[in-house]
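*Asks:* After the structure tokens below, expect a handful of questions from me.
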Amino acid sequence: MAGAFAGWWAKMSPYYTKAYQEMWVGVGVMTFLYYKVSYGGKKAAVDSSAHAAKSAPSHTAKPATSAAAAAAAAAAATATSLAVAAGDVTMSDILQRQHKNLVLEERKLYLEIEKLELEKAKLKSMK
């Protein structure tokens, strides 16, 4: 078997070592990126899922009733923004932000619908 490989390598080595030399840098970079995308966040995702189970998402939390609760909520938001600024973004963080953005978009659409219904009622009353 080694003789077959040696014969093949003797014929093909100029193509893989000289002609396509630049290609190997790209192969290495793509391999690294594939690894990071596929396996790089597994530990962080497991850690954040345990954290997410302990704490409720902020959009479902009850409104703060005291100044101390409001201060604690502000501190938690600041800590979250500092963690994001430091680059510790997990999939859970991304999904929570997407959910918040969707909730905000939904509210905007409901307000737009109300506005259009008021204009419609106003136009009907003018007739």
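The values are calculated or read from the model by the stated rules, or taken from the named source; none is laboratory data. None of the values given here were measured: they were computed from a predicted structure. Positions of Cβ are generated from backbone atoms using ideal geometry, with glycine treated the same way; all protein chains shown enter the neighbour counts. Note: areas computed on protein heavy atoms with side chains; ligands, DNA, RNA excluded. Shrake-Rupley method; radii C 1.70, N 1.55, O 1.52, S 1.80 Å.
*Asks:* Given (1) at pLDDT below 80; (2) open to solvent by 100 Å² or more (accessible area, probe 1.4 Å); (3) not in a loop (DSSP other than H, G, I, E, B), identify the lone condition not met by Lys120.
*Replies:* (1)
*Asks:* Within the stretch 87-94, is even one residue among the polar types (S, T, N, Q) and touching a Ser or Thr at 6+ places or on another chain (Cβ under 8 Å)?
*Replies:* First, the residues of the stretch 87-94 that are among the polar types (S, T, N, Q): 90, 92.
With touching a Ser or Thr at 6+ places or on another chain (Cβ under 8 Å) added as a condition, the list becomes 90, 92.
Yes; the residues of the stretch 87-94 include at least one that is among the polar types (S, T, N, Q) and touching a Ser or Thr at 6+ places or on another chain (Cβ under 8 Å).
*Asks:* Please give the number of the condition Val103 fails out of (1) part of a helix (DSSP H, G or I); (2) within 30 Å of Lys36 (Cα to Cα).
*Replies:* That leaves (2) as the condition not met.
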